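Comments concern the structure below.
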Amino acid sequence: MNNHLRTLRAEHGWSQQDLAERLDVSRQSVNAIETGRYDPSLPLAFKIAELFGCAIEDIFVSPSRG
Amino acid sequence: MLCSSSAARRYQRRVIILAVVYTALLFSAVYLLNRHLVTGVVAYIVGILPALPVVGFFGAIGMYLTEERDEYLRMLLVRQSLVATGLAMTGATLWGFLEGFDLLPHLVGYAWPILWFGGLGLGACVNHVLERNPA
């Protein structure tokens, strides 16, 4: 799934490891989500959205909308 | 395994312990049974003892899957296990038919768990290829 996670992370000046620690996941997970190779579960998507103070749809692009 | 989460470290520790126990029990069983030092029910017990750590390996994988909090790492191991299962079941099916038609010799049943563990290696390769970052 396309997403704006990398951009948001960069705006906060966080490395993948920084974000991984804040989300309590591995750096590999952050990398896989950022590159669209892995779609997070709904609880993890909420956690990401809450961390950045956004709605889920502000970060993740609906597959039906490209 | 995939990465050094605390669950992965516990898994690795369990696997090392099981491997040591397996080696000790296997050598003991071979020694006792080849020399007919045990018979009857005791022989059955001694014969099955080396199998238990192997069963433990499956248990260790199951425990890792329940303990790992990182869903992406869990997904990787599930995929790895599916590849291993597909390989082992395919191997068992093909060999079984060919053996049934007397085209291949009899193969002991514990060959299939061994192939399954080999399949985990193949699954790791599949993960490596699929999870490579796009250039």
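The values are calculated or read from the model by the stated rules, or taken from the named source; none is laboratory data. From a predicted model like this one, the values you see are computed outputs, not experimental measurements. Neighbour counts are summed over all protein chains in view; Cβ atoms, including those assigned to glycine, are modelled from backbone coordinates with ideal geometry. Only protein heavy atoms, including side chains, enter the accessible area calculation; ligands, DNA and RNA are left aside. Shrake-Rupley method; radii C 1.70, N 1.55, O 1.52, S 1.80 Å.
The table below gives the values:
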{"item": "Surface per residue (accessible, 1.4 Å probe) for chain A, Å²", "result": "55 Å²"}
{"item": "Rounded if a/c under 1.5, otherwise prolate or oblate - chain B, Cα gyration tensor axes", "result": "oblate"}
{"item": "Peptide-level mean, for B:64-76, of C-beta atoms on other protein chains within 10 Å", "result": "4"}
{"item": "Rel. contact order, % - alpha carbon contacts under 8 angstrom, at least six apart, region B:1-68", "result": "50 percent"}
{"item": "Contact order relative to length of chain A, as percent, for alpha carbon pairs under 8 angstrom and 6 or more apart", "result": "45 percent"}
{"item": "Label-to-label distance, nm, for residues given as B:L103 and B:V55 (7 Å Cα→Cβ offset)", "result": "3.5 nm"}
{"item": "Surface per residue (accessible, 1.4 Å probe) for region B:1-109, Å²", "result": "63 Å²"}
{"item": "Cα→Cβ-extended label distance, 7 Å offset, between B:T90 and B:I48, nm", "result": "3.3 nm"}
{"item": "Pair A:E11, B:L33: separation of 7 Å Cα→Cβ label points (nm)", "result": "6.5 nm"}
{"item": "Extension reserve of the B:V20-B:C125 stretch, reckoned as 0.36 nm per residue once the Cα distance is removed", "result": "35.2 nm"}
{"item": "A:R22/B:N133 FRET efficiency (R0 25 Å; Cβ-Cβ; nearest 0.05)", "result": "0.70"}
{"item": "³J(HN,Hα), Karplus 6.51/-1.76/1.60, whole Hz, each residue of region B:74-88, x for Gly, Pro", "result": "4, 4, 4, 5, 4, 4, 4, 5, 5, 4, 4, 5, x, 5, 5"}
{"item": "Within 10 Å of each Cβ in B:126-133, the average number of Cβ atoms from other chains", "result": "2"}
{"item": "Rounded percent of accessible protein surface that carbon and sulfur make up, region B:1-86, 1.4 Å probe", "result": "70 percent"}
{"item": "Heavy-atom accessible surface that A and B bury in contact, both chains counted, 1.4 Å, Å² to 100", "result": "1000 Å²"}
{"item": "Highest-fluctuation residue, A:E11, A:E34, A:E21 considered, GNM on chain A with Cα pairs under 10 Å", "result": "A:E11"}
{"item": "Chain A: calculated mean residue ellipticity at 222 nm from DSSP helix runs of at least 4, using -39500 (n - 2.57)", "result": "-15000 deg cm²/dmol"}
{"item": "Calculated FRET efficiency for the pair B:V41/A:C54, C-beta based, R₀ 45 Å, to 0.05", "result": "0.10"}
{"item": "A:N3 long-range amide H proximity, modeled H, under 5 Å", "result": "A:V61"}
{"item": "Which of A:R37, B:R132 is most accessible, then next, and so on - probe 1.4 Å", "result": "B:R132, A:R37"}
